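Step one of this worksheet: look at the structure below.
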């Protein structure tokens, strides 16, 4: 499962979806993440998230804003992506990088 953490990202802590594969995380000093926002635009590069993912309200992961952070920037885990959302994640990554 892909975890959702609170991370030091810019001016304030915000939730992020961790994209780095689980087996690699313990040996890397950086992680690749997608920031999460409550501003929902309804575009193909977003993955919808809600309280079932451990978040306070409806929001989206922004796959067109993927970034890499120091692993130490990750704070507490607040939730995770459900296995059924992996296809939406794949579709959003394909759209963000024009892989389709």
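Take every Cα pair under 8 Å in the chain that's 6+ residues apart, average their separations, divide by the length, and report that relative contact order as a whole percent.
Once normalised by length, the contact order is 33 percent.
Cβ crowding within 10 Å ranks 56, 50 as 56, 50, fewest other Cβ atoms first. This ranking places 20, 72 by how few other beta-carbon atoms lie within 10 Å of each, fewest first, which gives 72, 20.
I need 77, 41 ordered by Cβ neighbour count within 10 Å, fewest first. Can you show the working numbers first?
Details: 77 12, 41 9.
The most exposed by this proxy come first: 41, 77.
Only bridges whose two residues both fall in the chain count here: according to DSSP, what percent of them are antiparallel, nearest 5? The antiparallel fraction comes to roughly 100 percent.
At a temperature of 10 °C and a viscosity of 1.306 mPa s, determine how fast the chain diffuses translationally according to Stokes-Einstein, using the Kirkwood radius over alpha-carbon pairs as Rh; express D in µm²/s, rounded to the nearest whole number.
Numbers: Rh = 13.5 Å.
Here the translational diffusion coefficient equals 118 µm²/s.
A straight line joining the Cα centroids of segment 8-50 and segment 67-100 runs 5 Å.
When the helices in the chain are scored as -39500 (n - 2.57) per DSSP H run of 4 or longer and the sum is shared across all residues, what 222 nm value do you end up with, to the nearest 500 deg cm²/dmol? The partial results should precede the final answer.
Values: 1 runs with 11 residues, N = 100.
My calculation for the chain gives -3500 deg cm²/dmol from helical runs alone.
Each value in this text was obtained by applying a stated rule to the coordinates, not by laboratory testing. Here the structure is a predicted model, which is why all the values come from computation and not from measurement. Backbone-built Cβ (ideal geometry, glycine too); neighbour counts: all protein chains shown.
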